[in-house]
Amino acid sequence: MAIGIDKLDFYAPNFFVSMDDLAVARDTDPNKFKIGIGQSKMAVNPVSQDIISMGVNAAQDILSEDDKENIDMVVVATESGIDHSKAAAIEIHDLLQIQPFARCIEMKEACYSATAAIQLGKDFLSNRPGKKVLVIASDIARYGLNSGGEPTQGAGAIAILLSHNPRIMELNDDSLSYTTNVYDFWRPTSERYPVVDGKLSKDAYIESFNTAWNEYAKRTGHEVKDFESFCFHVPFTKMGEKAFKTILNENVEDSIKNRLMEAYQDSVLLNRDVGNVYTGSLYLSLISLLENHEFNAGEKVCLFSYGSGAVCEIFSGSIVSGYEAELNKEKHSDMLDSREQLSVEEYETFFTRFDNQEFDFERELKGDPYSKVYLSNIEDHIRTYKTEQ
Ligand code: COA
């Protein structure tokens with residue numbers, strides 16, 4: 001029986017800073033950020049939106065009462081964990097009022113872990129007819145003020161409901177993983193921000209993609225032309241494009257290259273305006289692709305997931321007839337269009353307040369219709385959430 005993505009949605013915080021403004025403040029040519037890196041805007045999260053509230057806000061509109069009765073596993077993928085022991089999935093399970101006889105866990109491997117969660121969920125469902133799995137990818141990408149990675153920050157969460165007979169995308173049995181031990185990006189438990197070797201991280205991403213693609217093609221017999229489109233992990237929109245171009249070589253007809261590059265541009269429209277959401281970046285890109293590219297039923301999408309350190313995976317999904325009815329394009333464009341633009345000075349204030357966990361509810365809770373849940377207090381290390389503003 002087919003298993004795959006039945007519903008998916010995302011939440012991005014209500015504030016952003018523009019790459020033009022950031023470039024000017026950092027004495028940099030704006031084209032480096034806008035063309036060289038390929039970003040236009042970067043989501044900025046207030047203290048009151050953490051990985052739990054963002055995860056709930058991503059999932060709240062898509063889950064029906066029937067879904068909540070049948071979800072037997074909730075997996076949160078994150079590299080912005082707020083606890084070494086307790087899984088963020090437990091709070092999310094509670095806030096979403098999912099039936100109690102469910103398994104709740106958190107997974108880690110840099111930006112890759114949402115894919116591990118999806119593959120785990122797919123296997124879990126294979127002998128549980130009628131059951132569902134909720135995967136939440138929720139992250140706050142932070143490199144520090146004035147750091148090399150600053151223009152590749154962002155924040156947001158993606159919610160993915162896996163089921164039998166999915167209405168959006170069937171997941172095929174062709175996944176291939178590749179692991180290599182590299183120190184390109186990591187965050188020791190003592191550190192607030194990650195340690196990054198920017199150039200090595202770009203090279204490691206491309207090397208992982210090439211090695212995995214060659215092995216995937218060898219094992220499955222698939223060629224580039226067999227796919228209607230490719231979808232990449234997008235820490236910044238230029239990254240996936242650079243990797244993709246390495247396999248669009250002389251063996252691929254120009255008409256196919258053009259079709260695939262057009263689809264790639266469709267797949268990064270949301271990422272360009274939200275920024276890096278770490279574990280959710282590939283799936284934000286998938287939402288962007290589904291909302292902006294026209295598919296026929298049965299057409300295949302090749303997905304490349306990458307997490308520094310490094311683990312990557314290539315797998316594919318087949319589009320289900322009627323998938324368009326399950327998308328929320330209007331909601332998403334309104335959510336991004338209605339955000340409040342921060343000056344660089346205000347963004348720096350938000351950033352510092354986040355580090356010090358200093359709430360400013362008057363400023364933070366201003367008009368975000370897409371936030372139904374927010375973090376209202378942390379006392380004795382216990383987090384309290386409110387569901388009404
Ligand atoms: N106009 C257009 N392009 C410009 C430019 C300008 N005025 N100035 C620079 N560029 C281009 C560069 O040529 C480069 O392109 P290339 O990668 O094709 O060579 C690109 O902009 C970035 O320039 P670079 O000098 O590499 O930037 P940087 O040293 O500031 O680092 C990152 C960029 C992405 C490595 C850095 O932001 C980072 O470390 N990010 C976090 C890690 C990450 O996201 N890694 C990705 C893999 S997971």
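The values are calculated or read from the model by the stated rules, or taken from the named source; none is laboratory data. The structure presented is a predicted model; accordingly, all values stated were derived computationally and were not measured. Reconstructed Cβ throughout: ideal geometry from the backbone, glycine too, with neighbour counts over all protein chains shown. To get the accessible areas, we keep the full protein, side chains included, count just its heavy atoms, and leave off ligands, DNA and RNA. Shrake-Rupley method; radii C 1.70, N 1.55, O 1.52, S 1.80 Å.
What dipole magnitude, in Debye to the nearest 20, does the chain give about its Cα centre under +1 on Lys/Arg Cβ and -1 on Asp/Glu Cβ?
Values: 38 positive and 63 negative charges, 127 e Å.
With only Lys, Arg, Asp and Glu charged at Cβ, the dipole is about 620 debye.
Per 0.36 nm of contour for each residue apart, how much would the distance between Asn258 and Asp20 grow if the chain were fully extended, relative to their Cα-Cα spacing? Please list the in-between numbers first.
Working: separation 238, 0.36 × 238 = 85.68 nm, distance 2.91 nm.
Contour length minus Cα-Cα distance gives 82.8 nm.
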Computed for segment 171-323: size of charge dipole around the Cα centre, +1 on C-beta of each Lys and Arg, -1 on C-beta of each Asp and Glu, debye to nearest 20, value 440
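Would you kindly calculate the translational diffusion coefficient of the chain, applying Stokes-Einstein with the Kirkwood radius from alpha carbon pairs, for 20 °C and a viscosity of 1.002 mPa s, and quote it in µm² s⁻¹ without decimals?
Details: Rh = 20.9 Å.
For these conditions, the coefficient is 103 µm²/s.
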On the accessible surface of segment 171-323, probed at 1.4 Å with all protein chains in place, carbon and sulfur together account for a percent value of 45
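Name the chymotrypsin sites (Phe, Trp or Tyr not before Pro) in segment 21-121 that are in a loop by DSSP and that have at most 16 other C-beta atoms within 10 Å, would you? Let's see the in-between values first.
On the way: sites: Phe33, Phe101, Tyr112; in loops: Phe101, Tyr112.
Taking segment 21-121 and a limit of 16 other Cβ atoms within 10 Å, the loop chymotrypsin sites (Phe, Trp or Tyr not before Pro) found are Phe101.
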The answer for GluC sites (Glu not before Pro) in segment 326-389 that fall in a DSSP coil and have at most 12 neighbouring Cβ atoms within 10 Å is Glu358, Glu388
With every protein chain kept in place and a 1.4 Å probe, segment 171-323 has an accessible area per residue in Å² of 41
Here the Cα Rg-to-2.2 N^0.38 Å ratio for segment 1-100 is 1.43
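Consider all pairwise Cα distances in segment 176-235 and report the whole-number % of them above 14 Å. Kindly include the intermediate steps, with their values, before the conclusion.
Details: 1188 of 1770 pairs.
Across segment 176-235, Cα pairs with separations above 14 Å total 67 percent.
What helices in the chain pass both tests, a Cα length along the helix axis of 15 Å or more and a mean Kyte hydropathy of -0.5 or higher, using whole DSSP H runs?
113-125, 281-292
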In whole µm²/s, the translational diffusion coefficient that Stokes-Einstein assigns to segment 171-323, given a Kirkwood hydrodynamic radius over C-alpha pairs, 10 °C and 1.306 mPa s, equals 100
